[in-house]
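Following: one structure in C-alpha coordinates, then a few remarks.
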Amino acid sequence: LASPQGPAEPERPAAAVVDAAIAILREMPAGKRFFLFVHLYDPHADYEPPSEFADLPPYDGEIAYVDREIGRLLGHLAGSGHSGTTAVALVSDHGESLGSHGETTHGVFVYEPVLRVPFLLSGPGIAAGTRVAAPVTLADVMPTLLDLAGVPVPPGLSGQSLLASARGGPEPAARAIYFENQLPRVEFGWAPLSGVRRGGLKLIMAPRPELFRLPEDPAEERNVWASDPEAAAMREALRATVARW
(Lines give C-alpha, C1' and ligand atoms only; values in the text may rest on other atoms or scores of the structure.)
Protein backbone atom coordinates (compact mmCIF):
# COMPACT_ATOMS: atom_id res chain seq x y z
CA LEU A 1 0.00 0.00 0.00
CA ALA A 2 1.05 3.60 -0.48
CA SER A 3 -0.14 6.99 0.63
CA PRO A 4 0.64 10.60 -0.37
CA GLN A 5 2.88 10.79 2.69
CA GLY A 6 5.06 7.90 1.50
CA PRO A 7 5.05 4.11 1.77
CA ALA A 8 2.71 2.73 4.41
CA GLU A 9 3.08 -0.38 6.49
CA PRO A 10 2.59 -3.56 4.43
CA GLU A 11 -0.89 -4.76 5.30
CA ARG A 12 -3.11 -7.64 4.23
CA PRO A 13 -6.78 -6.60 4.54
CA ALA A 14 -8.80 -8.28 7.28
CA ALA A 15 -11.30 -9.74 4.80
CA ALA A 16 -8.52 -11.61 3.00
CA VAL A 17 -7.07 -12.89 6.26
CA VAL A 18 -10.46 -14.13 7.47
CA ASP A 19 -11.14 -15.75 4.08
CA ALA A 20 -7.89 -17.70 4.46
CA ALA A 21 -8.71 -18.66 8.06
CA ILE A 22 -12.17 -19.94 7.08
CA ALA A 23 -10.63 -21.94 4.22
CA ILE A 24 -8.29 -23.64 6.69
CA LEU A 25 -11.18 -24.43 9.04
CA ARG A 26 -13.19 -25.96 6.21
CA GLU A 27 -10.35 -28.36 5.50
CA MET A 28 -10.02 -29.39 9.16
CA PRO A 29 -11.00 -33.04 9.72
CA ALA A 30 -13.97 -33.44 12.07
CA GLY A 31 -12.88 -33.98 15.67
CA LYS A 32 -9.26 -32.98 15.06
CA ARG A 33 -7.76 -30.54 17.56
CA PHE A 34 -6.29 -27.43 16.01
CA PHE A 35 -4.57 -24.16 16.83
CA LEU A 36 -5.27 -21.25 14.50
CA PHE A 37 -3.54 -17.86 14.79
CA VAL A 38 -5.37 -15.11 12.90
CA HIS A 39 -3.48 -11.82 12.75
CA LEU A 40 -5.59 -8.79 11.78
CA TYR A 41 -3.39 -5.77 11.20
CA ASP A 42 -5.84 -3.11 10.04
CA PRO A 43 -6.21 -0.86 13.15
CA HIS A 44 -2.63 0.30 12.64
CA ALA A 45 -1.18 3.44 11.10
CA ASP A 46 -1.78 4.44 8.37
CA TYR A 47 -5.52 4.45 9.15
CA GLU A 48 -7.24 3.76 5.83
CA PRO A 49 -10.52 1.86 6.39
CA PRO A 50 -12.58 0.50 3.47
CA SER A 51 -14.87 2.99 1.80
CA GLU A 52 -18.03 1.61 3.47
CA PHE A 53 -16.67 2.90 6.80
CA ALA A 54 -15.75 6.34 5.47
CA ASP A 55 -18.39 8.04 7.66
CA LEU A 56 -16.35 7.16 10.77
CA PRO A 57 -13.07 8.67 11.95
CA PRO A 58 -10.30 6.64 10.24
CA TYR A 59 -9.12 4.77 13.35
CA ASP A 60 -12.70 3.97 14.37
CA GLY A 61 -13.40 2.84 10.82
CA GLU A 62 -10.49 0.40 10.93
CA ILE A 63 -11.80 -1.06 14.19
CA ALA A 64 -15.37 -1.33 12.87
CA TYR A 65 -14.08 -3.13 9.78
CA VAL A 66 -12.06 -5.62 11.84
CA ASP A 67 -15.00 -6.09 14.22
CA ARG A 68 -17.17 -7.10 11.26
CA GLU A 69 -14.58 -9.57 10.00
CA ILE A 70 -14.09 -11.12 13.44
CA GLY A 71 -17.85 -11.57 13.57
CA ARG A 72 -17.70 -13.37 10.23
CA LEU A 73 -15.00 -15.72 11.52
CA LEU A 74 -16.88 -16.44 14.77
CA GLY A 75 -20.05 -16.98 12.75
CA HIS A 76 -18.30 -19.64 10.71
CA LEU A 77 -17.08 -21.35 13.89
CA ALA A 78 -20.64 -21.42 15.23
CA GLY A 79 -22.10 -22.70 11.96
CA SER A 80 -19.51 -25.45 11.57
CA GLY A 81 -20.02 -26.92 15.04
CA HIS A 82 -16.66 -25.82 16.41
CA SER A 83 -17.82 -23.07 18.76
CA GLY A 84 -18.98 -25.23 21.68
CA THR A 85 -15.61 -26.90 22.14
CA THR A 86 -13.24 -24.24 20.82
CA ALA A 87 -11.45 -21.69 22.97
CA VAL A 88 -11.18 -18.24 21.40
CA ALA A 89 -8.75 -15.61 22.67
CA LEU A 90 -8.72 -12.06 21.32
CA VAL A 91 -5.68 -9.97 22.22
CA SER A 92 -3.68 -7.07 20.84
CA ASP A 93 0.08 -6.67 20.85
CA HIS A 94 -0.14 -2.98 21.74
CA GLY A 95 -2.45 0.00 21.86
CA GLU A 96 -2.25 3.42 20.24
CA SER A 97 -1.45 6.64 22.07
CA LEU A 98 -3.66 8.77 19.77
CA GLY A 99 -2.05 11.95 21.11
CA SER A 100 -1.58 10.96 24.77
CA HIS A 101 1.73 12.30 26.13
CA GLY A 102 2.36 13.80 22.70
CA GLU A 103 2.68 10.43 20.93
CA THR A 104 0.56 9.99 17.81
CA THR A 105 0.69 6.19 17.42
CA HIS A 106 3.08 3.92 19.37
CA GLY A 107 6.71 2.85 19.65
CA VAL A 108 8.32 5.57 21.77
CA PHE A 109 6.68 5.48 25.21
CA VAL A 110 5.26 2.86 27.58
CA TYR A 111 2.28 4.74 29.01
CA GLU A 112 -1.07 3.02 29.53
CA PRO A 113 -2.67 3.78 26.13
CA VAL A 114 0.04 1.60 24.56
CA LEU A 115 0.32 -1.08 27.26
CA ARG A 116 -3.35 -1.56 28.17
CA VAL A 117 -4.73 -3.99 25.59
CA PRO A 118 -7.79 -6.22 25.30
CA PHE A 119 -7.61 -9.85 26.42
CA LEU A 120 -10.96 -11.53 25.79
CA LEU A 121 -11.38 -15.26 26.33
CA SER A 122 -14.23 -17.66 25.69
CA GLY A 123 -14.29 -21.41 25.98
CA PRO A 124 -15.68 -24.39 27.86
CA GLY A 125 -16.50 -23.56 31.47
CA ILE A 126 -15.97 -19.80 31.10
CA ALA A 127 -19.18 -17.93 31.89
CA ALA A 128 -20.05 -14.84 29.87
CA GLY A 129 -19.38 -11.63 31.77
CA THR A 130 -16.64 -13.04 34.00
CA ARG A 131 -14.04 -10.35 34.62
CA VAL A 132 -10.52 -10.61 36.01
CA ALA A 133 -9.77 -7.23 37.55
CA ALA A 134 -6.13 -7.80 38.54
CA PRO A 135 -3.42 -6.71 36.09
CA VAL A 136 -2.35 -9.52 33.77
CA THR A 137 0.10 -9.79 30.87
CA LEU A 138 0.23 -11.15 27.34
CA ALA A 139 2.75 -13.66 28.68
CA ASP A 140 -0.28 -15.27 30.39
CA VAL A 141 -2.01 -16.07 27.10
CA MET A 142 -0.01 -19.18 26.20
CA PRO A 143 -0.18 -20.90 29.63
CA THR A 144 -3.89 -20.06 29.87
CA LEU A 145 -4.66 -21.63 26.48
CA LEU A 146 -2.56 -24.69 27.28
CA ASP A 147 -4.39 -25.11 30.57
CA LEU A 148 -7.76 -24.73 28.88
CA ALA A 149 -6.77 -27.39 26.33
CA GLY A 150 -5.68 -29.79 29.07
CA VAL A 151 -2.02 -29.59 28.06
CA PRO A 152 0.59 -29.43 30.85
CA VAL A 153 1.98 -25.93 31.30
CA PRO A 154 5.80 -25.99 31.19
CA PRO A 155 7.51 -24.73 34.35
CA GLY A 156 9.57 -21.56 34.39
CA LEU A 157 7.38 -19.42 32.13
CA SER A 158 7.21 -15.69 32.77
CA GLY A 159 3.41 -15.87 32.50
CA GLN A 160 0.86 -17.97 34.35
CA SER A 161 -2.47 -19.61 33.60
CA LEU A 162 -5.51 -17.44 34.29
CA LEU A 163 -8.00 -20.25 33.74
CA ALA A 164 -9.07 -20.62 37.36
CA SER A 165 -9.78 -16.89 37.61
CA ALA A 166 -11.56 -16.88 34.24
CA ARG A 167 -13.83 -19.61 35.55
CA GLY A 168 -14.85 -17.49 38.51
CA GLY A 169 -12.11 -18.48 40.95
CA PRO A 170 -9.90 -16.13 42.97
CA GLU A 171 -8.09 -13.24 41.32
CA PRO A 172 -4.46 -13.86 40.33
CA ALA A 173 -2.01 -13.23 43.14
CA ALA A 174 -0.29 -9.84 43.18
CA ARG A 175 2.94 -9.88 41.19
CA ALA A 176 5.31 -7.57 39.38
CA ILE A 177 4.42 -7.54 35.66
CA TYR A 178 7.36 -6.60 33.47
CA PHE A 179 7.29 -4.45 30.33
CA GLU A 180 9.95 -2.90 28.13
CA ASN A 181 10.47 -0.89 24.96
CA GLN A 182 13.74 -1.34 23.08
CA LEU A 183 12.69 0.54 19.95
CA PRO A 184 14.06 3.92 21.12
CA ARG A 185 17.49 2.31 21.62
CA VAL A 186 17.49 0.26 18.42
CA GLU A 187 16.07 2.91 16.09
CA PHE A 188 17.36 6.18 17.53
CA GLY A 189 20.14 5.46 20.02
CA TRP A 190 17.98 6.76 22.86
CA ALA A 191 17.65 5.22 26.31
CA PRO A 192 15.58 2.01 26.39
CA LEU A 193 12.57 1.87 28.69
CA SER A 194 11.62 -0.86 31.13
CA GLY A 195 9.37 -1.14 34.13
CA VAL A 196 6.95 -3.13 36.25
CA ARG A 197 3.31 -2.86 37.18
CA ARG A 198 2.25 -4.19 40.57
CA GLY A 199 -1.36 -3.62 41.53
CA GLY A 200 -2.07 0.07 41.02
CA LEU A 201 1.60 1.07 41.03
CA LYS A 202 3.57 1.45 37.82
CA LEU A 203 7.29 2.15 37.54
CA ILE A 204 8.93 3.31 34.32
CA MET A 205 12.70 3.13 34.61
CA ALA A 206 14.15 5.81 32.35
CA PRO A 207 16.94 8.38 32.69
CA ARG A 208 14.34 10.20 34.78
CA PRO A 209 12.36 7.44 36.53
CA GLU A 210 8.59 7.77 36.70
CA LEU A 211 6.26 6.20 39.28
CA PHE A 212 2.50 6.48 39.00
CA ARG A 213 -0.40 5.45 41.22
CA LEU A 214 -2.84 4.55 38.46
CA PRO A 215 -6.12 4.40 40.41
CA GLU A 216 -5.71 8.06 41.42
CA ASP A 217 -3.81 9.13 38.29
CA PRO A 218 -4.96 7.05 35.29
CA ALA A 219 -3.60 9.60 32.79
CA GLU A 220 -0.08 9.24 34.32
CA GLU A 221 0.39 12.95 34.88
CA ARG A 222 1.76 12.99 38.45
CA ASN A 223 5.17 11.40 38.83
CA VAL A 224 5.56 10.42 42.51
CA TRP A 225 8.99 8.80 42.17
CA ALA A 226 10.71 11.30 44.45
CA SER A 227 8.13 11.17 47.24
CA ASP A 228 6.36 7.78 47.25
CA PRO A 229 7.43 5.35 50.01
CA GLU A 230 7.00 2.41 47.58
CA ALA A 231 9.56 3.74 45.07
CA ALA A 232 12.48 1.69 46.38
CA ALA A 233 10.39 -1.49 46.56
CA MET A 234 9.22 -1.05 42.97
CA ARG A 235 12.79 -0.52 41.78
CA GLU A 236 13.82 -3.71 43.59
CA ALA A 237 10.88 -5.58 42.03
CA LEU A 238 12.13 -4.54 38.59
CA ARG A 239 15.71 -5.55 39.41
CA ALA A 240 14.60 -8.93 40.76
CA THR A 241 12.38 -9.60 37.74
CA VAL A 242 15.20 -8.94 35.27
CA ALA A 243 17.66 -10.93 37.40
CA ARG A 244 15.48 -14.07 37.12
CA TRP A 245 16.05 -14.01 33.34
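The values are calculated or read from the model by the stated rules, or taken from the named source; none is laboratory data. Quick caveat: nothing in here was measured; it's all calculated off a predicted structure. Cβ sites come from the backbone with ideal geometry, for glycine too, and all protein chains shown count toward neighbours. For accessibility, only protein heavy atoms count, side chains too; no ligands or nucleic acids. Shrake-Rupley method; radii C 1.70, N 1.55, O 1.52, S 1.80 Å.
Once all Cα-Cα distances of segment 1-137 are split into 10 Å bins that start at 0, what whole-number percent is in each one?
10, 33, 34, 19, 4, 0
At each listed q (0.24 Å⁻¹), what is the log10 of I(q)/I(0) that the Debye formula gives for segment 140-245 modelled as equal alpha-carbon point scatterers?
Rounded to two decimals, the profile gives -1.24.
Any idea what diffusion coefficient the chain gets from Stokes-Einstein, in µm²/s, Kirkwood Rh on alpha carbon pairs, 37 °C, 0.692 mPa s?
Here the translational diffusion coefficient equals 160 µm²/s.
Enter the Cα centre distance for the pair segment 165-196 and segment 111-125, rounded to the nearest angstrom.
14
Below 8 Å between Cα atoms, with a sequence gap of 6+, how large is the relative contact order for segment 156-245 in percent? Write down the numbers at each step before the final one.
Values: 100 pairs, mean separation 16.2, N = 90.
Averaging sequence separation for qualifying contacts and normalising by length gives 18 percent for segment 156-245.
How much net charge surrounds LEU201 when only the other residues with a Cβ under 10 Å from the Cβ of LEU201 are counted, with Lys and Arg +1 and Asp and Glu -1?
My count for the surroundings of LEU201 gives +2.
Please give the net charge around ASP140, taking every other residue with its beta carbon less than 11 angstrom from that of ASP140, where Lys and Arg add +1 and Asp and Glu add -1.
So the surrounding residues net to 0.
Between TRP245 and VAL224, 0.36 nm times their residue separation minus their Cα-Cα distance comes to what?
Details: separation 21, 0.36 × 21 = 7.56 nm, distance 2.81 nm.
Stretched out fully, the TRP245 to VAL224 stretch lengthens by 4.7 nm.
Give me the accessible area per residue for segment 115-245, probe 1.4 Å, as a whole number in Å².
59
In sequence order, what are the phi-derived ³J(HN,Hα) couplings for segment 134-144 according to the Karplus relation 6.51 cos²θ - 1.76 cosθ + 1.60 with θ = phi - 60°, rounded to whole Hz, with x for glycine and proline?
The phi angles translate into 5, x, 10, 9, 4, 5, 7, 5, 4, x, 5 Hz.
Can you run phi through the Karplus equation (6.51, -1.76, 1.60; θ = phi - 60°) for segment 74-90 and list ³J(HN,Hα) in whole Hz, with x for Gly and Pro?
Running phi through 6.51 cos²θ - 1.76 cosθ + 1.60 with θ = phi - 60° gives 5, x, 5, 4, 5, x, 9, x, 7, 5, x, 10, 9, 7, 10, 10, 10 Hz.
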